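For reference, the structure is listed below as structure tokens.
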Amino acid sequence: MTNAQATDKHPGELADVPGWFPPLDQILFTWFLERQQKQGMSGDLLELGAYMGKSAILLGHHLQDGEQFTVCDLFEGDAPDEANQAESTKSYATLTQQAFERNYLSFHDALPTVIAAPSSVVSQKVAPNSCRFVHIDASHLYEHVYGDIGAAHDILLPEGVVVLDDFRSEHTPGVSVAAWEAVLNRGLRPICLSTQKLYGTWGDPEPLQEELLDMLRQRSDCGLSVQQAAGHRLVRARSRGMKPPPFPTSRHYVAPAPASVPAARVTESRAARPARPAPSRARRLAKDLLPPVVTRAVRRARAKRS
């Protein structure tokens, strides 16, 4: 099924929404957002680069009263430069704002604030020190990711969490350079690394790391390692057959009816068959007493007559 075909109807479950959001990252997003809520932390949510809405749908599920959720994406709009336009055309040709909104509204009653523009405008649209969680998954080009990280630094609350997607994919070296540059030179402190995302903060990562390690060590479906690099503790998590966390089904979801044959169809099919006359007593006796070879000969002769 192509992405265009997948957006022709409302998704039934989060797994039906096209996009790259592995179960491990769904679990980590959920853990960070729920921890913030348990800690009494309030703040807005921001996503740069939404694609078809898979991660945005999960983020919106954790929106608290009085908070704002902002999504910024080019969608089908024009990119700010030729390199970004080429990237958008190659990787996101089927992406439209309508498709994103249809998917999002399948799970939520109202849309987030949608900014259909390059991520470079987000600093003008979202107030400084207002967000508790920022997900960066827009351009893969170094210059744009560098700017997105800078914007996240200004927009996040002091203990807020930023997530950088594709920080080590082989086809996104610009993201890798920008991510590790932020760690080495711009004060970003890693909390943990998943297969494709870096979770960090400009606050103190140690309390988060300790609680996260306690949670992940209790899971048999998660592999863990802890390393030190350039003065940073790096917690690496990897999936061992993880399943996504529980998530509400779409508001449009209708459970399929159990497979069964309608009674009317059974009655009709039986009525369509011609009734066979009951065998006579003499025929039943012949079948029981005559040798099989004679019985078969009688049957063949009767068949020819009919």
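Observations on the model:
- Charge tally in the Cβ shell below 13 Å around Pro128, where Lys, Arg are +1 and Asp, Glu are -1, Pro128 excluded: -1
- Other residues within the sphere of radius under 13 Å centred on the Cβ of Arg238, judged by their own Cβ, net out at +3 (K and R +1, D and E -1).
- Förster radius 35 Å - calculated FRET efficiency between Glu13 and Val177, Cβ distance, rounded to 0.05: 0.45
- Theoretical gain in end-to-end length, Glu67 to Arg238 [0.36 nm per residue, Cα-Cα removed]: 58.4 nm
- Each eigenvalue of the Cα gyration tensor of region 126-179, multiplied by 5 and square-rooted, gives one semi-axis; in descending order these are 21, 10, 7 Å.
- Using alpha carbons only: equivalent-ellipsoid semi-axes of region 3-239, gyration tensor based, whole Å: 26, 21, 18
- Each label point was placed 7 Å from the Cα along the Cα-to-Cβ direction; for Leu111 and Thr195 their separation is 3.3 nm.
- Cross-link partners of Lys9 among aspartates and glutamates, defined as those whose alpha carbon lies under 14 angstrom from its own and excluding same-chain residues fewer than eight positions apart: Glu101.
- Taken about its Cα centre, region 3-239 carries a charge dipole of about 620 debye when Lys and Arg each add +1 at the Cβ and Asp and Glu each add -1 at the Cβ.
- Protection proxy ranking of 213-225, 9-21 - average other beta-carbon atoms within 10 Å, highest first: 9-21, 213-225
- Pairwise label distance in nanometres, Phe247 with Glu211, each label 7 Å out on the Cα-Cβ vector: 2.2
- Counted by Cβ distance under 12 Å from Val17, the other residues give a net charge of +1, where Lys and Arg count +1 and Asp and Glu count -1.
Where a number appears in this text, it was derived from the coordinates with a stated rule and is not lab data. Everything numeric here is computed off the predicted structure, so don't read it as measured data. Glycine also receives a Cβ, built like all others from the backbone with ideal geometry; neighbour counts cover every protein chain displayed.
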